[in-house]
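Below is one structure, written out as structure tokens; comments come after it.
The values are calculated or read from the model by the stated rules, or taken from the named source; none is laboratory data. Note that this is a predicted model, so its numbers are computed, not measured. Note that each Cβ is placed from the backbone with ideal geometry, even for glycine, and that neighbours are counted across all protein chains shown.
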Amino acid sequence: MKISIAEGLYLIALDDEEGRLLAAAEKSIVPGLISAALLELHLLKKVAIKDNVIEVLDQTGTGNGILDNILKKVKSGVGLIDAVENLAHTFKDIQEDLNELLVQRGILKKEATKLMWIPLSERMDNANYAFEAEIRKSLQAIVFKSAKPTNSFVILMSLIYDCNILDEVFRDKDELIDAVKVAKDIVNSPVVSEDVSKALKVLKAHFQK
């Protein structure tokens, strides 16, 4: 089973101990997830992103409900940042959609905290940590072993940095310094096309505002 870039980003953004979203990602996670979805749709040749303008190429389904819902709503001729902002408003509950999808796939499980019989809060627990562990292992290999990243991992690492959660993967201060350098420069990776590189740079500037 393969997970999408947005799903990978969301798994990193969840606090494994608390079972909820990391505070650092609260403001950025929805546009971050939308950005991940749009860039994955580009990799799947469902949309083109040329000079940071979106063109819809193919609206047949991908098999991923979240990607398909976004594909139905995205419009040709819209700038990337405008599309991210518009879709972030439309899909403001995308985290709940991801929770449901990942629960269905057995990657997360929903746990309710109760006092007697009264539900007090709900948390998302990692039911199958192998997926997140593989993501972390691959990111660390990119930073410390100069492993060649895939298109998806270039996008994922850049967005993890944009969402202010790189320190969730690289918790040691010295390791984080190295990871920040790689994450900042990964937008220039020869692995990705010029269009993806431009898109990541524009998104990075947008998230840093």
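Exactly one residue out of ILE142, ILE135, ILE107 is in contact with a strand residue (DSSP E or B) (Cβ under 9 Å, 6 or more places away or on another chain), surrounded by 13 or more Cβ atoms within 10 Å (Cβ to Cβ) and either at pLDDT 95 or above or β-branched (Val, Ile, Thr) (or both), and it is ILE107. Inspection of region 146-158 finds no residue satisfying the criterion of being of a type outside the set (Lys, Arg), in contact (Cβ under 8 Å) with a residue 60 or more places away in the chain, touching a Gly at 6+ places or on another chain (Cβ under 9 Å) and not in a helix (DSSP H, G or I).
Filtering region 67-74 for residues that are more than 22 Å from ASN164 (Cβ to Cβ), assigned to a helix (DSSP H, G or I) and in contact (Cβ under 8 Å) with a residue 60 or more places away in the chain leaves a non-empty set. Filtered by the rule that a residue be aromatic (Phe, Trp, Tyr) and part of a loop (DSSP other than H, G, I, E, B), region 165-209 gives a lone residue, PHE170.
Restricting attention to region 168-191, the residues being of a type outside the set (S, T, N, Q) and either more than 23 Å from GLU132 (Cβ to Cβ) or without any contact (Cβ under 8 Å) to a residue 24 or more places away in the chain (or both) number 12. Tell me which residues, restricted to region 75-96, are in a helix (DSSP H, G or I), free of Cβ contacts under 8 Å to residues at least 40 places away in the same chain, of a type outside the set (S, T, N, Q) and within 24 Å of LYS201 (Cβ to Cβ). Selection gives ASP82, HIS89.
Hey, does region 15-26 have a residue that's of a type outside the set (Asp, Glu), free of Cβ contacts under 8 Å to residues at least 40 places away in the same chain and out of contact with any Leu (no Cβ under 9 Å at 6 or more places or on another chain)? Yes, region 15-26 contains a residue that is of a type outside the set (Asp, Glu), free of Cβ contacts under 8 Å to residues at least 40 places away in the same chain and out of contact with any Leu (no Cβ under 9 Å at 6 or more places or on another chain).
All conditions but one from (1) buried (at least 22 other Cβ atoms within 10 Å of the Cβ); (2) small (Gly, Ala, Ser); (3) in a strand (DSSP E or B) apply to ALA36; the one that does not is (3). When region 47-63 is filtered for residues that are outside any strand (DSSP E or B) and of a type in the set (D, E, K, R), the ones remaining, listed by number, are ASP51, ASP58. Looking across region 153-192 at every residue that is under 26 Å from VAL30 (Cβ atoms) and of a type in the set (Lys, Arg), the one that is surrounded by the most Cβ atoms within 10 Å (Cβ to Cβ) is identified as LYS184.
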